[in-house]
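What follows is calculated from the coordinates using simple rules that are stated; it is not laboratory data. As the structure is a prediction and not an experimental result, all values here were calculated from the model. We place every Cβ from the backbone using ideal geometry, glycine too, and count neighbours over all the protein chains shown.
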Amino acid sequence: DPVLATGTTAITLEGDGHRFEVRHPAAWDLTAGPDHIPSHDALIFGSLPLRHPVAAATLWRLMGASTGFITLDANLRPPWVDRAALARLITRVHLLKMNQDEANLLGEHPAGPEWVCITRGAAGAALRHRDGAEWTAAGIPTPVVDAVGAGDAFLAAVVDGLVAGRDPGAVLDEANRAAAETVGRRGGLPPRR
């Protein structure tokens, strides 16, 4: 959208967590997206496109056109949590990644995804396959400098590993390392791929 500002989020540290203020409306709320998406290995998105009909329609269209590994990073941000739309979306993804608070809200075993990944911060993470197999990894003790971006680094490692067909336990360990490297430095990006 040429008039609205680029989307921004103000993140405030509070006690043991963060408070997010997602500015609304933003340019991406009204983005219709491309008519065609090039070949890709993965399509990754959060739940915020569901907050506006234009962005939601774009998301559904891109998902329908995707031949890649479709991943939803829940990233629930009140007041934009539409449980009915999320339930429908979850049935269409290969991987649902959520933190423990989101799992408490949505349920730890939602119907639909081939994979469900639950992050638990310093307590580690779990990865479940729809066949019932489950892998867990303990957290990696790391002095936290800046937690912003840790979930994104974690998810990038999980998607990369699952798309490549690597062992799920090794994938989870690598994802925990990526998150630990990210929280240990300011800036939200791990120091490597």
Residues Phe154, Phe69 arranged by fewest to most Cβ contacts within 10 Å: Phe69, Phe154
Quick one: net charge of Pro110's neighbours, Cβ under 13 Å, K/R +1, D/E -1? +3
Stretched fully, the stretch from Arg92 through Val144 gains (0.36 nm per residue minus C-alpha distance, one decimal, in nm) 15.3 nm
Report the far tail of the P(r) of region 109-164, meaning the percent of Cα-Cα pairs longer than 13 Å. 66
Sorted by Cβ density within 10 Å, fewest first, the residues Asp167, Asp152, Asp131: Asp131, Asp167, Asp152
Return the FRET efficiency for the residue pair Arg186, Asp131: r is the Cβ-Cβ distance, R0 is 30 Å, and the value is rounded to the nearest 0.05. 0.15
For region 38-183, build the convex hull from the C-alpha positions and give me its volume per residue in Å³. 113
